[in-house]
Amino acid sequence: MRPVTFSTDPLRQFLRRKRIATLPQLKQVLGTDADITVFRKLKELSYHTSYSHRGQFYTLAEIPDFDENGLWTYDSAGFSRRGTLLNTSEAFVNQAPAGYFAGELEELLHVPVKEPLLHLVRQDRIGRREISHMYLYCASDNQRRDRGPELPTARELLRQARPTRRPPTAVTPPLRQRPTSSYATPTQGAPTNCSTRTAAPRQPTAR
């Protein structure tokens, strides 16, 4: 008896139409009860798994329109260029000079992140320090060495871009001082890197 063969065409057409799907839906499309058959065909097509909903959703690699953070959301399902929630959280923390509090990262990813962050700390893939009874998650020492010197912060770039004011002389009239509002300076005390950040994020005020 010849083994049953499955075509990738039904999966491709279904996902192009629905954009995302769960494993039970894809098994129904292929007409199989075997998970491995679906994954074999998805691999042939190239696919992404959602970092949200515990990886329950799948989409073709050609479908997501990732934003500048490498994220894409469809019908509340979140997808990342970096794959899993664990890898995505690691990348965000290690690439952020000022680090992230869990609540800040949750605002970006729209999923709970405390568990994966703790897992990453235990594996020494990221570091953390306590500020105001909250944990600030930062790049690990190894990641900082691999990343090399940090890029200039927004505060440093603005400082470099400011014109140098020269004192008035007897020949030239005094220069009029520019109004302070003409410079979009960061908030006083804004964090520049993980080691100098001293304040926890403000909690939203109840209305």
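The values are calculated or read from the model by the stated rules, or taken from the named source; none is laboratory data. Given the structure is predicted, the values throughout are model-derived calculations rather than measurements. Cβ sites come from the backbone with ideal geometry, for glycine too, and all protein chains shown count toward neighbours.
Quick notes
- Count - residues of region 57-69 that are in contact with a strand residue (DSSP E or B) (Cβ under 8 Å, 6 or more places away or on another chain), within 16 Å of His110 (Cα to Cα) and either surrounded by fewer than 16 Cβ atoms within 10 Å (Cβ to Cβ) or basic (Lys, Arg) (or both): 1
- The one condition in (1) closer than 24 Å to Asn193 by Cβ; (2) crowded, with 16+ Cβ neighbours inside 10 Å; (3) hydrophobic (A, V, I, L, M, F, W, C) that Trp72 fails to fulfil: (1)
- Condition met for Tyr51 (part of a loop (DSSP other than H, G, I, E, B), outside the structural domain of Ala91 (by TED's automatic domain parsing) and either within 30 Å of Leu105 (Cα to Cα) or modelled with pLDDT under 95 (or both)): yes
- Taken over region 81-101, residues that are buried (at least 21 other Cβ atoms within 10 Å of the Cβ) and among the small types (Gly, Ala, Ser) amount to 2.
- Residue, nearest to the chain's Cα centre (by Cα), within region 14-48, restricted to residues that are part of a strand (DSSP E or B) and surrounded by 15 or more Cβ atoms within 10 Å (Cβ to Cβ): His48
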